[in-house]
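Peer 1: One structure is given below, represented as structure tokens, and several questions about it will come after.
The values are calculated or read from the model by the stated rules, or taken from the named source; none is laboratory data. As the structure is a computational prediction, the values presented were derived from the model and not from experiment. With ideal geometry, Cβ positions are generated from the backbone for all residues, glycine too; neighbour counts draw on all protein chains shown.
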Amino acid sequence: MKKYFKKILLCAMGTFGDIAPLLVYGLQLKSEGHSIAFCSANNYKNIADAYNIIFYPIDIDFDLIKDENAKAMGHSIISLLKFKQNLKKFSQYEFSTLREIIMKHDEVIASGAVLSAMSICEKHNIPYRHMLLSPAWLPSKNYTPPIFPFQISNSFLNSILWYCFTICFSLMVKKTVNKQREQLNLSRIKNVYISFIDKSFLSCSKILFPIPGKYSYLKILKPEFFFPENSNCKRIDSFVKSRKRIIYIGFGSMPIKDPDRIVRIINYVITELCLSAIIQIPDYNNNEQFNNILNINSANHKHIFPKMEIIIHHGGAGTTYSAALAGRPQIIFAHILDQYYNGSICNKKGIALPVININKFSYNALKSSLLTILNNSVYSKTAISFSKTLQRENQED
């Protein structure tokens with residue numbers, strides 16, 4: 001029987017953490033013979049070009065948006081308002097771009113803050129799926145919605161909070177979504193959030209991120225993340241050879257309010273504790289050199305993390321999984337949304353300290369967190385043991 005090869009459009013709006021897993025999945029589909037195209041903000045064109053993927057630009061400067069959002073990191077209410085503002089902006093540009101593009105494809109797979117694609121696909125009877133990177137976005141009494149900077153264990157309260165969250169989210173975007181649906185001659189949607197969940201699938205580790213039983217029907221892909229090779233690998237190897245105890249500190253694509261302050265704190269603490277550090281701090285452009293710090297502009301987690309003693313990061317799904325797979329204890333300074341959930345899961349499994357809000361990043365917070373792990377070998381032993389479990393899961397068909 002002849003296999004049918006499809007023209008698949010990948011559509012993503014968000015940080016590199018939203019883009020990467022979708023692109024990896026797209027490359028897998030491309031290797032199977034499907035035709036792949038990628039639609040996203042102008043900033044990601046270079047990645048598509050590097051892998052010979054057709055690119056359709058959405059006229060948005062995502063780096064500028066990240067800079068505008070820096071002050072909102074760690075503040076739930078401000079973040080929520082910025083999130084609403086960004087979704088509306090994204091959706092307007094998406095709609096005008098995707099209306100013409102989607103009709104040229106047989107299927108659309110999205111990730112991140114994409115609102116318009118689902119309705120356009122419905123209009124033209126084109127299959128649509130949305131990739132989630134952790135179950136944090138699936139309503140469940142087992143955990144607290146991602147907009148809250150904490151996790152509670154009370155199932156009754158969680159159920160109430162989820163009900164409020166889905167209604168609140170729908171109210172934020174319903175007007176924009178339904179206005180677009182009217183232009184497409186489609187019926188209005190009452191609960192936009194639930195409509196998206198119904199079209200979702202997961203790309204995550206079931207061992208690291210337990211999936212609530214009521215979502216057992218969802219398709220779950222093995223977590224695969226995008227780590228482009230670059231010249232940093234040689235610099236890292238050279239740095240590692242000349243030092244003994246090295247930690248990693250990086251916050252992915254998250255905007256940082258005062259990167260110079262963050263780096264100064266890192267330098268004070270690791271100097272006092274006789275450590276070295278590889279750092280990836282967005283927007284840190286200071287030319288000041290520190291003997292015990294290597295500053296890199298991008299991080300290949302597979303290459304770096306196994307060489308580190310402790311991994312400090314923002315709690316993004318990809319970074320959290322990579323650190324757990326490397327078998328290294330984690331310290332998580334969460335910025336926004338599902339990062340609090342991801343960090344709390346690692347803490348429950350004994351491979352990370354309790355989550356810390358990024359606004360509480362300080363000399364004392366960093367030093368005490370490092371000393372807690374350095375003075376207690378249980379964290380490292382637990383992380384190594386858990387890593388072996390993840391590796392076995394990764395090897396399963």
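Peer 1: In a helix (DSSP H, G or I), over 30 Å from THR389 (Cα atoms) and among the hydrophobic types (A, V, I, L, M, F, W, C): is that true of LEU171 in this structure?
Peer 2: Values: in a helix (DSSP H, G or I): yes; over 30 Å from THR389 (Cα atoms): yes; among the hydrophobic types (A, V, I, L, M, F, W, C): yes.
In short, yes.
Peer 1: So which of ILE312, ILE296 is over 30 Å from ARG392 (Cα atoms) and either basic (Lys, Arg) or within 22 Å of the chain's Cα centre (by Cα) (or both)?
Peer 2: Values: ILE312 fails: over 30 Å from ARG392 (Cα atoms).
One residue alone meets the criteria, ILE296.
Peer 1: Let me ask something else about it. Show the residue pairs meeting these rules: Cβ distance below 8 Å; 6+ apart or different chains; first residue within segment 184-197 and more than 11 Å from SER119 (Cβ to Cβ); second residue among the aromatic types (Phe, Trp, Tyr) and modelled with pLDDT under 90.
Peer 2: TYR193/PHE165; TYR193/PHE169
Peer 1: How about segment 228-246: which of its residues are in a loop (DSSP other than H, G, I, E, B), within 24 Å of PHE16 (Cα to Cα) and at pLDDT 85 or above?
Peer 2: Passing the criteria: none in range.
Peer 1: Inside segment 110-126, can you point out the residues that are more than 16 Å from TYR193 (Cα to Cα) and in contact with a helix residue (DSSP H, G or I) (Cβ under 7 Å, 6 or more places away or on another chain)?
Peer 2: ILE120, CYS121, HIS124, ILE126 - these are the residues of segment 110-126 that are more than 16 Å from TYR193 (Cα to Cα) and in contact with a helix residue (DSSP H, G or I) (Cβ under 7 Å, 6 or more places away or on another chain).
Peer 1: Across segment 354-397, what is the total count of residues that are part of a helix (DSSP H, G or I) and either among the aromatic types (Phe, Trp, Tyr) or under 30 Å from ILE220 (Cβ atoms) (or both)?
Peer 2: Narrowing segment 354-397 to residues part of a helix (DSSP H, G or I): 358-360, 363-374, 377-395.
Still in the running and either among the aromatic types (Phe, Trp, Tyr) or under 30 Å from ILE220 (Cβ atoms) (or both): 358, 363, 379-395.
Result for segment 354-397: 19.
Peer 1: Turning to a different aspect of this structure: Restricting attention to segment 205-227, and to residues there that are in contact with an Asp or Glu (Cβ under 9 Å, 6 or more places away or on another chain) and modelled with pLDDT of 85 or more, which single residue is nearest to ILE312 (Cα to Cα)?
Peer 2: This residue is LEU208.
Peer 1: Continuing with the same structure: Tell me, which residue of segment 235-283 that is touching an Asp or Glu at 6+ places or on another chain (Cβ under 7 Å) and not aliphatic (A, V, I, L, M) is surrounded by the most Cβ atoms within 10 Å (Cβ to Cβ)?
Peer 2: First, the residues of segment 235-283 that are touching an Asp or Glu at 6+ places or on another chain (Cβ under 7 Å): 245-247, 255-256, 259.
Retained after the next criterion (residues that are not aliphatic (A, V, I, L, M)): 245, 255, 259.
Details: ARG245: 14, PRO255: 21, PRO259: 18.
By that ranking, first place goes to PRO255.
Peer 1: Mind checking whether some residue in segment 320-337 is of a type outside the set (Asp, Glu), within 14 Å of the chain's Cα centre (by Cα) and farther than 22 Å from ALA365 by Cβ?
Peer 2: For segment 320-337, residues of a type outside the set (Asp, Glu), within 14 Å of the chain's Cα centre (by Cα) and farther than 22 Å from ALA365 by Cβ: present.
Peer 1: Out of ILE332, ILE336, I need the residue that is touching a helix residue (DSSP H, G or I) at 6+ places or on another chain (Cβ under 8 Å), buried (at least 24 other Cβ atoms within 10 Å of the Cβ), modelled with pLDDT under 90 and not basic (Lys, Arg). Which one? Steps first, please.
Peer 2: Details: ILE332 fails: modelled with pLDDT under 90.
Being touching a helix residue (DSSP H, G or I) at 6+ places or on another chain (Cβ under 8 Å), buried (at least 24 other Cβ atoms within 10 Å of the Cβ), modelled with pLDDT under 90 and not basic (Lys, Arg) holds for just one of ILE332, ILE336, which is ILE336.
Conditions tested, residue by residue: (1) assigned to a strand (DSSP E or B); (2) of a type in the set (Val, Ile, Thr); (3) under 20 Å from the mean Cα position of the chain (by Cα); (4) surrounded by 15 or more Cβ atoms within 10 Å (Cβ to Cβ).
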| site | (1), (2), (3), (4) |
| --- | --- |
| ILE126 | no, yes, no, yes |
| LYS141 | no, no, no, yes |
| PRO145 | no, no, yes, yes |
| LEU157 | no, no, no, no |
| TYR163 | no, no, no, no |
| ASN185 | no, no, no, no |
| LEU208 | no, no, yes, yes |
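Peer 1: Filter segment 36-59 for residues that are out of contact with any Leu (no Cβ under 9 Å at 6 or more places or on another chain) and farther than 16 Å from THR97 by Cβ and give the result.
Peer 2: The answer is ASN46, ASP49, ALA50, ASN52.
Peer 1: Now a separate question. Give, as residue ranges, the helices (runs of 4 or more DSSP H) completely inside segment 14-106 that count at least 1 residues that are modelled with pLDDT under 80 and over 17 Å from the mean Cα position of the chain (by Cα).
Peer 2: Counting at least 1 such residues, we get 62-69, 76-101.
Peer 1: Among the numbered conditions (1) assigned to a strand (DSSP E or B); (2) in contact with an Asp or Glu (Cβ under 8 Å, 6 or more places away or on another chain), tell me where LEU202 comes up short.
Peer 2: Just one mismatch for LEU202, condition (2).
Peer 1: Follow-up question, since we're still on this one. When you scan segment 366-384, how many residues do you find that are in contact (Cβ under 8 Å) with a residue 12 or more places away in the chain and surrounded by 13 or more Cβ atoms within 10 Å (Cβ to Cβ)?
Peer 2: Number satisfying all stated conditions: 12.
Peer 1: Looking for something under 28 Å from CYS233 (Cα atoms), polar (S, T, N, Q) and crowded, with 16+ Cβ neighbours inside 10 Å - is there at least one such residue anywhere in segment 294-316?
Peer 2: Checked against the condition, which is being under 28 Å from CYS233 (Cα atoms), polar (S, T, N, Q) and crowded, with 16+ Cβ neighbours inside 10 Å, segment 294-316 yields at least one hit.
Peer 1: Among the residues that make up segment 338-351, is at least one of them among the polar types (S, T, N, Q) and either more than 19 Å from the chain's Cα centre (by Cα) or assigned to a strand (DSSP E or B) (or both)?
Peer 2: Pass one, segment 338-351, residues among the polar types (S, T, N, Q): 339, 342, 344, 347.
Narrowing further to those that are either more than 19 Å from the chain's Cα centre (by Cα) or assigned to a strand (DSSP E or B) (or both): none.
Within segment 338-351 (the criterion being among the polar types (S, T, N, Q) and either more than 19 Å from the chain's Cα centre (by Cα) or assigned to a strand (DSSP E or B) (or both)), the answer is no, since none of the residues qualifies.
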